[in-house]
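Everything below concerns the one structure shown next.
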Amino acid sequence: MAKHGLGRGLDIMLGDNNIKENFSENGVITLKLSSVEPNRNQPRKSFDGEKLGELADSIKKHGLIQPIIVTPADKGMYRIVAGERRWRACKKAGLKEIPAVIRDYSDEQAAEIALIENLQREDLNPIEEALGYQALLDDYSFTQELVSQRVGKSRSAIANSLRLLSLDEQIQKLLIDGEISSGHARAILAVESSEARLALAKRIISDGLNVRQAEALSKQISKKTPQRRKKQQNTGDIEIERIQDMLSSRLGTRVKITHTAKKGKIEIEYYGNDDLERLLGFMNIQEV
């Protein structure tokens, strides 16, 4: 979604007057760097050392143009709400003080603003983004719908992001390191076994597959049947797979159809209560 949606989410949290005040002399104070601490719930976990060094060099020459946002913490300290990268760069540049705007925020508000600010700057890798959403769901009882409204992304985008957390750590690291993309990761999720997923991830990297090629290969892997089954598929099997793929695409989640001449079953995966509610709503089913 366009950054405008995320920016509006931040405007709502900070208020238009607060946004303007960040850049006015009256709204900015100077704090000792030693009195400022990072937020342990900061969604961004990794900071590029080279880019941090470049920012530190710029701050040495021109100073810090945009102040950080902090909220009062214990023992006279201030906790960063937005701007940890700038704070780190100021430390690296050898500064003793930093311009800041102080705001009284609850932990919930601080977590929300930190996530939105990082999303707006496109500073988060896909796993950090998913963990940020998960923290709002787990720690502050947000629903996926509320997260969707606050960050300016569709509910299906939130659900797809959260699905990435079901990947094995090895594949998550490939995603964090940028060796595969979120599109690649979603293709990998369509494969059931952990071993096959990792093999597909390595194949994507070694062969330089784009997302469409990865999706095609994922489908090939998923269609492979155990040796005890017939290798040749009849027309009915192909039609069932077509329906299965159509349902998966329409519902935005994995669907498995087991079909025999006399009976069958449809399995629909969901990821948490909110995702279940989304699917029920899609099927126009209301909980009793």
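Where a number appears in this text, it was derived from the coordinates with a stated rule and is not lab data. What you see is a predicted model, and the numbers here were worked out from it, not measured in a lab. Virtual Cβ from ideal backbone geometry, glycine too; neighbours counted across all protein chains shown.
Sticking with the crude label model, points 7 Å out along Cα→Cβ, report the distance from residue 48 to residue 35 in nm, one decimal please.
My value for the distance between the label points is 3.4 nm.
Residues with amide H under 5 Å of residue 97's amide H, sequence separation 5 or more or different chain, H placed in the peptide plane at 1.01 Å from N; which?
For residue 97, the qualifying residues are 33.
State the answer as a single residue: which of 221, 178, 201 lies farthest towards the positive end of the charge dipole of segment 167-224, with beta carbon charges of +1 for Lys and Arg and -1 for Asp and Glu, about the Cα centre.
221
Exposure proxy check: 278, 79, 250 ranked by fewest other beta carbons within 10 Å? Let's see the in-between values first.
Values: 278 23, 79 19, 250 10.
The order, fewest Cβ neighbours first, is 250, 79, 278.
Order these by the 10 Å Cβ neighbour count, fewest first: 184, 62.
On the way: 184 24, 62 8.
Final ranking by Cβ density, sparse to dense: 62, 184.
Find, among the GluC sites (Glu not before Pro) in segment 51-130, those assigned to loop by DSSP (not H, G, I, E, B) with at most 10 other beta-carbon atoms within 10 angstrom. Spell out each step's value before the answer.
Numbers: sites: 54, 84, 97, 108, 112, 117, 122, 128, 129; in loops: 122.
Answer by residue number: 122.
For residue 168 and residue 141, what does the FRET efficiency come to when R0 = 41 Å and r is the distance between their Cβ atoms, rounded to the nearest 0.05? Working shown, then result.
Working: r = 28 Å, r/R0 = 0.69.
Efficiency, from the Cβ-Cβ distance: 0.90.
Loop only by DSSP, 10 or fewer other Cβ within 10 Å of the Cβ. Give me the chymotrypsin sites (Phe, Trp or Tyr not before Pro) in segment 117-205 that pass, ordered by residue number. Intermediate results must be reported in sequence, preceding the final value.
Numbers: sites: 133, 140, 142; in loops: 142.
Passing both the DSSP loop test and the Cβ count: no residue.
Distance cut-off 18 Å, Cα to Cα: go down the list 51/153; 61/92; 223/263; 61/96; 51/202; 60/91 and report the pairs above it. Spell out each step's value before the answer.
Working: 51/153 28 Å; 61/92 13 Å; 223/263 21 Å; 61/96 15 Å; 51/202 28 Å; 60/91 11 Å.
Cα-Cα > 18 Å for 51/153; 223/263; 51/202; rest within.
What is the set of long-range amide H partners of residue 73 at a cut-off below 5 Å, with H atoms built 1.01 Å from backbone N?
78, 79
Report ³J(HN,Hα) in whole Hz for each residue of segment 58-67, in order, from the Karplus equation J = 6.51 cos²θ - 1.76 cosθ + 1.60 where θ = phi - 60°; Gly and Pro get x.
Ordered by residue, 3J(HN,Hα) equals 5, 5, 4, 7, 10, x, 8, 6, 9, x Hz.
Multiply the residue separation of residue 256 and residue 179 by 0.36 nm, subtract the distance between their alpha-carbon atoms, and state the gained length in nm to one decimal.
Full extension from residue 256 to residue 179 adds 24.8 nm.
Say each of residue 206 and residue 237 gets a label point 7 Å from the Cα, pointing the same way as Cα to Cβ; how far apart are those two points in nm?
Reported label-point gap for residue 206 and residue 237 is 2.7 nm.
What list of ³J(HN,Hα) values in whole Hz, one per residue of segment 262-272 in order, does the Karplus curve 6.51 cos²θ - 1.76 cosθ + 1.60 (θ = phi - 60°) give from phi, with Gly and Pro shown as x?
Once rounded to whole Hz, the list reads 9, 7, x, 8, 10, 10, 10, 7, 9, 10, x.
May I ask you to sort 218, 193 by Cβ crowding, counting other Cβ atoms within 10 Å and putting the fewest first?
Numbers: 218 21, 193 9.
Final ranking by Cβ density, sparse to dense: 193, 218.
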